[in-house]
Amino acid sequence: MSLLRRIVVVSKRGEVHQLAQQVSREVFMADDLAEASDITETISPDIVVFDDTFSPDHIREFINTADKNLTSAPVLVVGLDENSKEPPTEYIRIGAYDYINGTNNYNKLQEIAAQLCKQSQSDDPESNSNNFFIDDFAFSVSMAGRSDAIRKAFKMIQLVGASRCDPVLIVGETGTGKELAAKAIHALRHPNKPFVAVNCAALTANLLESELFGHVKGSFTGADRDKTGLLELAGSGTVFLDEISEMPVNLQAKLLRFLQEKTFRKVGGTTSINCDATIIASSNRNLKSEVKANNFRRDLYYRLSICPITIAPLRSPQRAEDIGLLAEHFLRTSTICHEKSKKIVCLTKFALEALQKHDWPGNVRELRNVIERAILLETTDKIGLSSIVIDPDLDESSTDCPTSNAKDFSLAKAERELIARALQETGWQKTHAAALLGITRATLYAKVKQYNIGKNSPLDKESNCNLPSKSSSHLVTVS
Ligand SMILES: Nc1ncnc2c1ncn2[C@@H]1O[C@H](COP(=O)(O)OP(=O)(O)O)[C@@H](O)[C@H]1O
Ligand SMILES: [Mg+2]
């Protein structure tokens with residue numbers, strides 16, 4: 001049985017780890033208090049488990065630091081000596097959540113985990129909508145987001161999905177999730193019916209017309225057989241007209257007629273065909289401006305915008321809080337490399353900060369790509385800053401980086417350089433530098449020793465393989 005999402009275990013004893021694994025699949029290990037604080041801050045665990053080789057004073061220090069940094073999590077202490085008769089009230093007195101006597105006490109741990117689970121649900125009545133996965137939808141269209149802006153869009157999707165509103169218009173920049181929203185509406189309305197999509201920008205006027213309405217044999221040169229159009233193929237499902245602003249103006253008139261009557265004729269045909277499908281159109285252009293510029297018919301615009309759904313760009317300040325959530329969502333759901341994404345549990349604080357700084361011109365689609373690339377590059381259990389590569393092709397600094405220099409491909413040299421820079425930049429604060437590099441402190445110590453890096457080690461002046469500066473959003477990886 002596994003109840004909790006994430007646990008940090010601060011213990012060198014294997015039994016304590018095994019105990020924790022009984023109630024969570026994501027168990028993180030820390031060797032000392034500093035590492036425990038770092039990990040807790042990064043992953044927000046449901047509980048932190050110490051063994052009682054840590055004194056109450058030590059644990060109080062941990063709790064106080066966490067409180068100060070607003071990263072507190074309940075602390076459980078596991079007594080290693082099963083036969084200890086004294087109830088260690090001292091731990092409870094300094095603020096520990098509970099104490100377990102012995103490392104075999106699975107039942108007590110499960111009770112505590114169930115209690116914590118219940119508490120976190122009642123503490124946060126909105127916990128479901130905070131991590132908004134639209135549970136009623138098919139898994140393939142689950143959308144993630146917690147900002148007010150995206151919740152407003154979710155609300156509209158649900159209202160429109162539950163209504164008979166037709167046509168539906170979805171507006172937003174490319175990559176913001178318009179097609180996903182259309183699929184969500186479809187899943188709410190008629191999940192078992194066909195969903196057919198056509199990109200209005202990809203076809204010429206004639207082809208698009210016959211794609212949508214179908215044609216009869218002989219109606220134009222090359223029409224050597226009857227063709228059934230998408231409006232007919234969709235039955236009582238959904239037709240998604242992607243990038244409607246690109247539809248040729250003369251076809252817009254025919255579409256408007258169809259939307260008003262909900263009947264159509266095939267190209268060259270004489271019989272009227274009824275259509276029961278819901279029409280959902282999307283646009284990444286401002287249709288009002290397109291109307292003003294005479295590129296889009298005003299009457300069609302009004303017909304479409306009965307109840308428009310707007311999806312804000314990812315860079316808009318109102319969506320800032322969606323970035324981390326979406327990153328974790330893609331980490332959990334990506335199928336790019338199953339083995340690795342199962343092992344990678346989260347992103348480091350610095351990786352997340354880098355994502356927050358970028359302005360995401362390609363919106364959620366771009367973010368998904370960055371996370372999938374990071375999954376491929378990452379070698380540890382957390383996505384670190386060095387695996388976040390934004391705009392790999394456009395990154396000019398990468399051409400100057402020693403790793404891509406034809407004269408020097410030495411990975412070891414680049415690694416040494418990056419570590420020395422991280423240490424220098426953080427004033428030799430190893431915890432901070434390790435987090436910046438996305439490695440544990442123990443690994444950092446080992447590397448410092450391996451490369452013999454000292455406080456006075458010279459840095460390669462020519463190297464542009466920098467840690468990202470505060471203003472830089474384009475990152476280079478050498479891992
Ligand atoms: N809120 C979201 N939650 C999860 N995935 C999303 C979300 N918004 C967009 N995506 C993903 O981003 C990518 C682009 O979305 P898409 O619907 O094709 O965008 P658009 O049609 O606006 O260009 C898709 O892989 C989609 O699954
Ligand atoms: Mg699209």
Taking the stretch 295-311 on its own, how many of its residues are farther than 21 Å from Phe258 by Cα and assigned to a loop (DSSP other than H, G, I, E, B)? 1
Might you let me know whether the stretch 163-177 holds any residue that is near ligand 1 (Cβ under 10 Å from one of its atoms) and in a helix (DSSP H, G or I)? no
So the check is Cβ under 7 Å with 6+ separation or different chains; which pairs have a first residue in the stretch 163-186 that's open to solvent by less than 10 Å² (accessible area, probe 1.4 Å) and a second one that's aromatic (Phe, Trp, Tyr) and away from ligand 2 (no atom under 11 Å from the Cβ)? Ala184/Phe137
Filter result (away from ligand 2 (no atom under 16 Å from the Cβ) and open to solvent by 50 Å² or more (accessible area, probe 1.4 Å)) within the stretch 196-214: Thr204, Asn206, Leu207, Glu211
I'd like the residue in the stretch 273-294 that is small (Gly, Ala, Ser) and either within 16 Å of ligand 1 (Cβ to nearest atom) or in a helix (DSSP H, G or I) (or both) and, out of all such residues, is farthest from Lys217 (Cα to Cα). Ser289
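Yes/no matrix, rows are residues, columns are (1) open to solvent by less than 40 Å² (accessible area, probe 1.4 Å); (2) assigned to a loop (DSSP other than H, G, I, E, B); (3) in contact with a Phe, Trp or Tyr (Cβ under 9 Å, 6 or more places away or on another chain); (4) touching a residue at least 24 places away in the same chain (Cβ under 8 Å):
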site: Thr221; (1), (2), (3), (4): no, yes, no, no
site: Asp224; (1), (2), (3), (4): no, yes, no, no
site: Glu232; (1), (2), (3), (4): no, no, yes, yes
site: Ser236; (1), (2), (3), (4): no, yes, no, yes
site: Ser245; (1), (2), (3), (4): yes, no, yes, yes
site: Ala253; (1), (2), (3), (4): yes, no, no, yes
site: Leu256; (1), (2), (3), (4): yes, no, no, yes
site: Leu259; (1), (2), (3), (4): yes, no, no, yes
site: Thr271; (1), (2), (3), (4): no, yes, no, no
Residue pairs qualifying under the 6 Å Cβ cut-off, at least six apart or on distinct chains, with the first in the stretch 306-330 being under 16 Å from Arg151 (Cβ atoms) and touching a residue at least 12 places away in the same chain (Cβ under 8 Å) and the second being away from ligand 1 (no atom under 11 Å from the Cβ) and not hydrophobic (A, V, I, L, M, F, W, C), are Ala312/Gln318; Ile323/Gln356
Subset of the stretch 282-314 [over 35 Å from the mean Cα position of the chain (by Cα) and of a type in the set (Lys, Arg)]: Lys292, Arg297, Arg298
So if I check each of Lys193, Lys217, which one is assigned to a loop (DSSP other than H, G, I, E, B), open to solvent by 50 Å² or more (accessible area, probe 1.4 Å) and touching an Asp or Glu at 6+ places or on another chain (Cβ under 8 Å)? Lys217
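The values are calculated or read from the model by the stated rules, or taken from the named source; none is laboratory data. All of these numbers come straight from a predicted model, not from anything done at the bench. Note that we place each Cβ from the backbone using ideal geometry, even for glycine, and neighbour counts take in every protein chain shown. When the accessible area is computed, the model is the full protein with side chains, heavy atoms only, and any ligands, DNA or RNA have been set aside. Shrake-Rupley method; radii C 1.70, N 1.55, O 1.52, S 1.80 Å.
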